[in-house]
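Shown next, in structure tokens, is the structure this report addresses.
We did not get these values from a lab; they are worked out from the coordinates using the rules stated. Only a predicted model underlies this, so the values are computations on that prediction, with no experimental measurement involved. Every residue, glycine as well, gets a Cβ built from its backbone with ideal geometry; the counts of neighbours run over all protein chains shown.
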Amino acid sequence: MSLNETPEIVTWPPTHYVFLERVGPFMENAPQAWGDLHKMVPQIEESNRITGYLSLYKVGPKIYRAGVAVAAPPRKLPGGLRYEEFKGGKYSRFELTGSYAQLPQAIGRVFEIVEESGIKMREDYNIENYVHDPRTTPVEKLVTQILIPTE
């Protein structure tokens, strides 16, 4: 696993976010949410410009959101999708290079690092920002930014 274990402090900008939300075990809900969302992407793109793919999640209440960033508040959305302007803020950013299948292990390691290093987390969503398009990027070159809300 190729994980950058030294976080970089970054500011995530406010983001127009369209998503499907699932509550419960991530290992079951995340793949289902992404499968459902990908089927809706063509409809989202009919009247919105997608600028990125990201998930937002909270570990304690087991809330998982699979979604896309859009350039502006959406004009029209398929049924079942929600929208909010995610406020962003200060984050500790780690980067994983490689397969999305490595994410559970990488995220586990990130939370270990956060605990060991004394990084103070604030109450907000964690972010997984999928930097590359998996349809056009070789698996070994995929980059996922794992962002932990930081005080």
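For a footprinting-style exposure proxy, rank 26, 19 by other Cβ within 10 Å, fewest first.
In increasing order of surrounding Cβ atoms, one gets 26, 19.
Give me the aspartates and glutamates in straight-line cross-link reach of residue 76: C-alpha distance below 14 Å, same-chain residues under 8 apart excluded.
Leaving aside aspartates and glutamates fewer than 8 places away in the same chain, those within reach of residue 76 are 45, 46, 84.
With θ taken as phi - 60° and the coefficients 6.51, -1.76 and 1.60, list the Karplus ³J(HN,Hα) couplings across region 67-73 in order, rounded to whole Hz; mark glycine and proline as x.
Rounded to whole hertz, the list is x, 10, 7, 10, 5, 8, x.
With charges set only on the Cβ (+1 for Lys and Arg, -1 for Asp and Glu), what does the dipole of the chain come to about its Cα centre, in debye to the nearest 20?
With only Lys, Arg, Asp and Glu charged at Cβ, the dipole is about 440 debye.
For every other residue with a beta carbon closer than 10 angstrom to the beta carbon of residue 63, add +1 if it is Lys or Arg and -1 if Asp or Glu, then tell me the sum.
Once positives and negatives cancel, what remains is +3.
Cα convex hull of region 1-99: mean projected area in nm², to one decimal?
7.1
May I ask you to evaluate 6.51 cos²θ - 1.76 cosθ + 1.60, the Karplus curve with θ = phi - 60°, for each residue of region 22-33 and list the ³J(HN,Hα) values in order in whole Hz, giving x for glycine and proline?
10, 10, x, x, 4, 4, 8, 6, 4, x, 5, 4
Please list, in chain and number order, the residues 5+ apart from residue 51 or on another chain whose amide H is under 5 Å from its amide H, with Hs placed from the backbone.
69, 70, 71
Tell me the relative contact order for region 19-151 as a rounded percent, counting alpha carbon contacts under 8 Å between residues six or more apart. Write out the running numbers ahead of the final one.
On the way: 216 pairs, mean separation 35.0, N = 133.
So the answer I get is 26 percent.
Among 15, 97, which comes first, second and so on when ranked by fewest other beta-carbon atoms within 10 Å?
Least to most surrounded, the residues fall as 97, 15.
What is the order of 135, 122, fewest Cβ neighbours within 10 Å to most?
So the residues, fewest neighbours to most, are 135, 122.
With respect to the cross-link table entries 39/87; 58/90; 62/120; 58/87; 87/120; 120/141, which display a Cα-Cα separation exceeding 25 Å?
39/87; 120/141
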